[in-house]
Amino acid sequence: MKQVFASWSGGKDGCLAAYRAGGRGLEVRYLLNMVSEDGQRSRSHGLDARWIRLQAEGMGMPILQQRTTDAGYETEFTKALAGFREMGISGGVFGDIDFEEHRTWISRVCATAEMGMHLPLWQEDQSSLVAEFIRSGFEAVVVTTKADTLGKEWLGRRLDGDFVADLAKVPGVTPCGEAGEYHTLVVNGPLFKRRIEILDASPVERDGYWFLDIKRAELRAR
C-alpha cells in the first residue's frame, strides 16, 4: 500500500478525498495544513489552527502545520513535500473538484518535489459528493460563509439533508461551495476515533466573510 499525505484544510472535500484514498490502495500517514506565519490560523479558511490540530488528534493522525507568508506559500508547500518524500511518503491526496488553475498548481509543486498526485474527487458531480459525505457518516459544521452570498445565520449549521435542501434554494451557490460560498469543519466520521464538540463560538465578520470564531471545543467519545 502506497503511503501518502493528505492536503488538509479541515473541511469536507479534503476529508472525503482522504477517506476515498483508503479504498484505492493508499494509506494516509500525515495531514498537511498550511498556516499563517505566526502559526495561529489556517491559510485556506482562516480557521484557528488549534482546531485543525484537535481534528488530527481526534483522528489519531500526525499533522504538519507548515508556516508561510502569502508570498512564500509555494516555496513552503514544496519544502513540506520534500520532507515527506524523505520520510518515504510517495504522494499527496487533494480534495479539489473542478478548479483547473489549482489542479495545475498542484501538478507543478508535486512534480518539483517528485511526489505523486491523487485527486479522488476530480470532475465529479458536487451534489453526489455532498450526498456521499453525509451517507458515509461524516459530520461537518459550517465555519465560513461569503457575506454577499450566505449570511451569518448559516454559521454553525450541520451539513445534513436540511442544509442541502436550503442551500439549493439560494441562487448561484454550488453544492460544495467550490467558489468559496461556504467552508466546513469536519467534527466526526469514519476517520475519527473521537468526535469534536464545539462548546463556545460566535460570528465574526472579516474581509467580506463571516467566520465562526470557535472559543472552546473538546474531544469526546464517538
- Do any strands (runs of 3 or more DSSP E) lying entirely in region 55-172 carry at least 1 residues that are polar (S, T, N, Q), and which ones are they? 63-67, 139-146
- Item | Residue among GLU86, GLU76 that alone is crowded, with 16+ Cβ neighbours inside 10 Å, modelled with pLDDT of 95 or more and more than 27 Å from VAL130 (Cβ to Cβ) | GLU76
- Note on the structure: Residue pairs qualifying under the 9 Å Cβ cut-off, at least six apart or on distinct chains, with the first in region 114-137 being on the phi > 0 side of the Ramachandran plot and the second being crowded, with 21+ Cβ neighbours inside 10 Å and in a helix (DSSP H, G or I), are GLU114/LEU81
- Which one of the conditions (1) in contact (Cβ under 8 Å) with a residue 12 or more places away in the chain; (2) closer than 25 Å to GLU181 by Cα does ARG41 fail to meet, given that it meets all the rest? (1)
- Item | Top-ranked residue of region 97-127 - restricted to ones that are farther than 15 Å from VAL173 by Cα and among the small types (Gly, Ala, Ser), ranked as surrounded by the most Cβ atoms within 10 Å (Cβ to Cβ) | ALA113
- Exactly one of (1) within 30 Å of THR75 (Cβ to Cβ); (2) of a type outside the set (A, V, I, L, M); (3) without any contact (Cβ under 8 Å) to a residue 40 or more places away in the chain is unmet by ARG157. Its number? (1)
- Filter the strands (runs of 3 or more DSSP E) completely within region 182-222 down to those with at least 3 residues that are touching a helix residue (DSSP H, G or I) at 6+ places or on another chain (Cβ under 6 Å) and assigned by TED's automatic domain parsing to the domain that holds ALA17. none
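The values are calculated or read from the model by the stated rules, or taken from the named source; none is laboratory data. Computed from a predicted model, the values in this text were never measured in an experiment. Here Cβ is always computed from backbone atoms with ideal geometry, including for glycine, and neighbour counts include all displayed protein chains.
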